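Quick notes on the structure that follows.
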Amino acid sequence: MRIIDWKQLKSMQPYSRQHIARLEAQNRFPRRVRLGNGPRTRCGWVHDEVTAWLEERANRREPSTSS
């Protein structure tokens, strides 16, 4: 399992930290993983979950109508 930090997540998608937090709260984005127990602990996201989330959105696109 690969955990990615904010910098890596940001390179994969265009949303702000605040928007990602809102999506997580609504269960519309993969939840972050806390890597420690303290209030200022590091956290990250599971790379495969984020990739699957992005692929799901790409697959929802309407088919191209160009010939």
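Values in this text are rule-based calculations from the coordinates and carry no lab data. All values reported here derive from a predicted model rather than from experimental measurement. Here Cβ is always computed from backbone atoms with ideal geometry, including for glycine, and neighbour counts include all displayed protein chains.
Pairwise alpha-carbon distances in the chain exceed 20 Å for 34% of all pairs. By the beta-carbon count within 10 Å of each Cβ, the least crowded to most crowded order of T41, T51, fewest first, is T41, T51. Within the chain, the longest run free of trypsin sites (Lys or Arg not before Pro) that sit in a DSSP loop with at most 11 other Cβ atoms within 10 Å is 3-27. Ordering H19, H47 by the number of other Cβ atoms within 10 Å of each residue's own Cβ, fewest first, gives H19, H47.
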